[in-house]
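The values are calculated or read from the model by the stated rules, or taken from the named source; none is laboratory data. Just so you know, these numbers come straight off a predicted model, no measurement behind them. In case anyone asks, the SASA skips ligands and DNA or RNA and just uses the protein heavy atoms, side chains included. Shrake-Rupley method; radii C 1.70, N 1.55, O 1.52, S 1.80 Å.
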Amino acid sequence: LLDFSEYIKDLHAIVDNSVRMSLIGIVGPYGSGKSVMLESFRKKLRRKHKWVHIDAWKYPDRSDLWEGFVLDFARQVKPKQFKKVLSRLDGTSKDGLRTFIQSIGIATSLVLPGSDKAIDKLTYFAQSSPAKRIFQIQDIFKSLLSGIKETVFIVVEDVDRSGDAGIYFI
C-alpha cells in the first residue's frame, strides 16, 4: 500500500537533473504519504547531503515563518551557531559589549565624576535592533549557508497551513 519506489525513482531523476537551487513541490491530499515518501527518498540518497525538515504550520505569520525557517535551519545544520543567529534575530547580539561599556562607565565614574554621561552615550553604539524585515532575516540565512559543501535538501511541510504567509514564503 505504501510502495513509493516508482515515485522515489522519479524524484531521484528530477533531483539529479535539476539545476542548482531548485524548488520541487510534492503535492497531495492529507494522509496520502508525502512525508513517508520523502523519508524513504532521504534514506536512499546516494550522495553526501544535509537534510533540513521544517514544519511551516508552526509559524502562522510571514515574518514568523522566515524567522522559524532560519532558526530551524541553524538548529539542524549549524547548531553551534544557533545562539548567535537567535541573538541576531532578537537584537541582543551586542549585549556583551554594552555590558562591558557600562561596567567601564561605573568604574570611571568613581574616578572621574560625570563621566557616566559620556559612557551612556557610548552604549548607544553597542545597541542592535532585532531583524524585523524579511531581507534582514534573509541576510542572516545567507551567512548560515556559507561554508556548506554538501547538497542541502530543505523540506518545508504543511506550507498550506500557514495561509497566505506560506504562499508568499515559497
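Computed over protein heavy atoms with a 1.4 Å probe, the carbon and sulfur contribution to the accessible area of the stretch 5-84 reaches 54%. Cross-link pairs exceeding 21 Å between alpha carbons, from the set Lys78/Lys142; Lys9/Lys34; Lys44/Lys80; Lys50/Lys78; Lys58/Lys80; Lys48/Lys149: Lys44/Lys80; Lys58/Lys80.
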